[in-house]
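This report concerns only the one structure given below.
The values are calculated or read from the model by the stated rules, or taken from the named source; none is laboratory data. Predicted model, so just to flag it, every value in this text is computed and none were measured. Note that we place each Cβ from the backbone using ideal geometry, even for glycine, and neighbour counts take in every protein chain shown.
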Amino acid sequence: MSQPRLNGKTNSLQRFLPGIFGILALAVFYWLGSVTELPGILGNLTAPLLWKMLMASFWETMLMVGISVALAMVGGLPLGVLLVTTSPGNITPNPAAYKVLSTVVNIGRSIPFIILLVAIIPFTRLIVGTSIGTAAAIVPLTVAAIPFVARIVESALRDVDRGVVEAAQAMGASPWQIIIKVLLPEALPTLVLGVTITAVNLIGYSAMAGAVGGGGLGDLAIRYGYQRFRGDVMLMTVIVLVLLVEIVQAVGDWAAESLNRK
Amino acid sequence: MGVKRLIRIENLSKIFGNPVNGVVALDNVSLTIEKGQIFGIIGLSGAGKSTLIRCINMLEKPDTGRIFIGSKEITALSGSQLRKERSKIGMIFQHFNLLSSRTVAENVAFPLEIAGVSRAEAKDRVNELLRLVGIEDKADSYPAQLSGGQKQRVGIARALANNPEVLLCDEATSALDPQTTKNILALLQDINRRLGLTIVLITHEMDVVKEICDSVAIIDNGQIVEKGTVLEVFAHPQTEAARRFIKGVIQIDLPEEIKNRSLITSEPSEKVMLVRLSFIGESAGEPVVSALVRKFDVDANILAGNIDHIKEVPFGTLVLELRAKNGGLDTALAYLIERGIEIEVLKDESTPA
């Protein structure tokens, strides 16, 4: 392997340090909470009951974000691909379709999440049967993330060298072959980073889902930390969220880096 | 000689932007390219050469005009028919355009995948192609790990995968250093000879044309201003555009001091003349200067000259000051013309001493 790649590896190790630190810190907190009761504020922060609630909320957040990201990819990926291929001068130009898609995506992206959350409650009920709880929060999270993912995918695919697409066209590749064999594989590292950004964003959004009783870390922070004036709960929730974001980002960076052949 | 026309371009025009004040890239271009030739299209940037070569595989759609490859009219095809035809036209690019996410072997296999060749068959073909272009040891490397010359070799292997009839080279050596350019050109020539593949290349470097092309067309402002065999164009450039390109490769301008040289005669019956002789082919190998001296009693003073080779044919110019008494010069010049040497009299006004 050539020299620049080795350098790249050192840089990425530095980039992953916060993530590694995050995982270690989470493990230490978890261990402290389960085996001991420490005195003073430290005791409060590591009390077993708080930890039980934190862990339950943590997994709810993971579930909400994980499923939403997965569903948003399923919906947003094809949209993003179409946004690229139908644009003027691209492989299947269709100005009308492009305009419609682009407008719909922009409308989706311009609605504040907290409004969207409330506005689509009837739709949420239709799909999951209820508008309260973790499952119900997944619906607005997904709906909000689809247009976001579409734009992320669009920008990742637009970064693919035009010349490479042209080379494939010159070889007689069909639009479908170009999408599957050129655009998506060439954009893969950027797409992985895009999924990471989406996941981090949804972790933030999922905290707002607490406002409709969606569960998760945000819910915990609002109901216990804010409404019951428990500063220690608020603090721990924020710490766990910070660590979670660090870990997701580090894993995403690592995956993108190891897929990158450039 | 059954010379076969492979590519026929008829009245091709293309305007970018709106028809009234857009940029005219191609203006009624017609060309024929024979099978097995290496055909060069040379022009400055913006002359339309890139648009022209991209029309041949319809990466660019011409506004009017037709292109035939063999008996098929490419410009009449679309959709899957066009894609099928394209798979028989190889193309290489200035910036190589390799897939960065695929290894060298996977890049070369790419056109085979598109054409639906089975995996096992593709594997053998890839190995064969990598051997042909001399990079079999790089099969598992990624493009980012290769040098420019190696990348272009991958590009060539990829372009040849489906046994095309034509290879289009879009400024294929313009991003390479002079030594690598020579190597890649040698490879293209080798492929042309071994496979009988017709090669169309566009370039802005006359060196490239001189090195490997059989025929050349000069494009300027979207029009073909001159075309012919490379030797013809080098020997008898008809247009300013052609002369401009040739100048870069062969010295055809005279230094000022030779142009301003005064021709001094020592007695009234003596004549002095400054002439430029152009040789092509066999006459370049003949001892004409010594013949002048021996047969016609002419004094010849060589002031400038060069001999070059174009496709193994010697080609050269010689600037001489000729001096003879009693009309000896006229018979000497007649002799040169008879030998097939082109004569340009640069100056014949002599000054008495």
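Tabulated results
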{"quantity": "The lone exception for B:ASN162 - which of (1) in contact (Cβ under 8 Å) with a residue 60 or more places away in the chain; (2) not in a loop (DSSP other than H, G, I, E, B) it fails", "calculated": "(2)"}
{"quantity": "Verdict on B:LEU99 being under 20 Å from A:TRP176 (Cα atoms), within 12 Å of chain A (Cβ to nearest Cβ) and hydrophobic (A, V, I, L, M, F, W, C)", "calculated": "yes"}
{"quantity": "Residues within region A:73-89 that are among the small types (Gly, Ala, Ser), surrounded by fewer than 20 Cβ atoms within 10 Å (Cβ to Cβ) and at pLDDT 95 or above, tallied", "calculated": "1"}
{"quantity": "Selection from region B:62-92 of residues that are without any contact (Cβ under 8 Å) to a residue 24 or more places away in the chain and more than 20 Å from B:LYS35 (Cα to Cα)", "calculated": "B:ALA76, B:LEU77, B:SER78, B:GLY79, B:SER80, B:GLN81, B:ARG83, B:LYS84"}
{"quantity": "Criterion (away from every other protein chain (no Cβ under 14 Å) and modelled with pLDDT of 95 or more) met by exactly one of B:ARG131, B:ARG158", "calculated": "B:ARG131"}
{"quantity": "Residues of region B:330-353 satisfying the condition of being among the β-branched types (Val, Ile, Thr) and within 24 Å of B:HIS236 (Cα to Cα)", "calculated": "B:ILE337, B:ILE341, B:ILE343, B:VAL345"}
{"quantity": "Qualifying residue in region B:149-159 (condition: over 31 Å from the mean Cα position of the chain (by Cα) and not acidic (Asp, Glu))", "calculated": "no"}
{"quantity": "Unique residue being at pLDDT 85 or above and small (Gly, Ala, Ser) when the list is A:GLY210, A:GLY231, A:GLY194", "calculated": "A:GLY194"}
{"quantity": "Members of region B:130-148 found to be under 25 Å from the mean Cα position of the chain (by Cα) and surrounded by fewer than 18 Cβ atoms within 10 Å (Cβ to Cβ), listed by number", "calculated": "B:GLY134, B:GLY148"}
{"quantity": "Test: residue in region B:223-237 that is in contact with a helix residue (DSSP H, G or I) (Cβ under 9 Å, 6 or more places away or on another chain), of a type in the set (Asp, Glu) and at pLDDT 85 or above", "calculated": "yes"}
{"quantity": "Residue in region B:181-195 that is within 11 Å of chain A (Cβ to nearest Cβ), crowded, with 19+ Cβ neighbours inside 10 Å and touching a residue at least 40 places away in the same chain (Cβ under 8 Å) present", "calculated": "no"}
{"quantity": "Region B:271-292 residues that are more than 12 Å from B:ILE341 (Cβ to Cβ), paired with ones that are at pLDDT 75 or above and in a strand (DSSP E or B) (beta carbon under 6 Å, 6 or more apart)", "calculated": "B:VAL272/B:LEU263; B:VAL272/B:THR265; B:VAL272/B:ARG323; B:MET273/B:LEU322; B:LEU274/B:GLU321; B:LEU274/B:LEU346; B:LEU274/B:LYS347"}
{"quantity": "Where a residue in region B:323-352 is within 26 Å of B:GLU256 (Cα to Cα) and its partner, wherever it lies, is among the acidic types (Asp, Glu) and outside any strand (DSSP E or B), with Cβ under 7 Å and at least six apart", "calculated": "B:ALA324/B:ASP297"}
{"quantity": "Residue within region B:34-52 that is surrounded by 16 or more Cβ atoms within 10 Å (Cβ to Cβ), within 30 Å of A:PRO189 (Cβ to Cβ) and within 12 Å of chain A (Cβ to nearest Cβ) present", "calculated": "no"}
{"quantity": "Among residues of region B:207-223, those that are under 15 Å from B:ASN28 (Cβ atoms), surrounded by 23 or more Cβ atoms within 10 Å (Cβ to Cβ) and not small (Gly, Ala, Ser), counted", "calculated": "1"}
{"quantity": "Residue within region B:58-72 that is under 14 Å from B:GLY155 (Cβ atoms) and in contact with a Cys (Cβ under 6 Å, 6 or more places away or on another chain) present", "calculated": "no"}
{"quantity": "Identity of the residue in region B:53-69, away from chain A (no Cβ under 14 Å) and in a loop (DSSP other than H, G, I, E, B), that ends up surrounded by the most Cβ atoms within 10 Å (Cβ to Cβ)", "calculated": "B:PRO62"}
{"quantity": "Sole residue being modelled with pLDDT of 90 or more and either within 16 Å of the chain's Cα centre (by Cα) or not hydrophobic (A, V, I, L, M, F, W, C) (or both), chosen from B:LEU52, B:LEU6", "calculated": "B:LEU52"}
{"quantity": "Pairs where the first residue, in region B:102-114, is within 10 Å of chain A (Cβ to nearest Cβ) and part of a loop (DSSP other than H, G, I, E, B) and the second is among the hydroxyl-bearing types (Ser, Thr, Tyr) and crowded, with 20+ Cβ neighbours inside 10 Å, C-beta under 9 Å, 6+ apart", "calculated": "B:ARG102/B:TYR142; B:THR103/B:TYR142"}
{"quantity": "Strands (runs of 3 or more DSSP E) wholly inside region B:215-332 containing at least 3 residues that are in contact with an Asp or Glu (Cβ under 9 Å, 6 or more places away or on another chain)", "calculated": "B:215-220, B:223-229, B:270-280, B:299-310, B:313-325"}
{"quantity": "Whichever residue in region B:70-96 is surrounded by fewer than 20 Cβ atoms within 10 Å (Cβ to Cβ) and in a strand (DSSP E or B) and, among such residues, is farthest from the other protein chains (Cβ to nearest Cβ)", "calculated": "B:GLU73"}
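Residues checked against (1) β-branched (Val, Ile, Thr); (2) at pLDDT below 80:
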position: B:LYS247; (1), (2): no, yes
position: B:ILE258; (1), (2): yes, yes
position: B:ILE264; (1), (2): yes, yes
position: B:GLU270; (1), (2): no, no
position: B:PHE296; (1), (2): no, no
position: B:GLY328; (1), (2): no, no
position: B:ILE341; (1), (2): yes, no
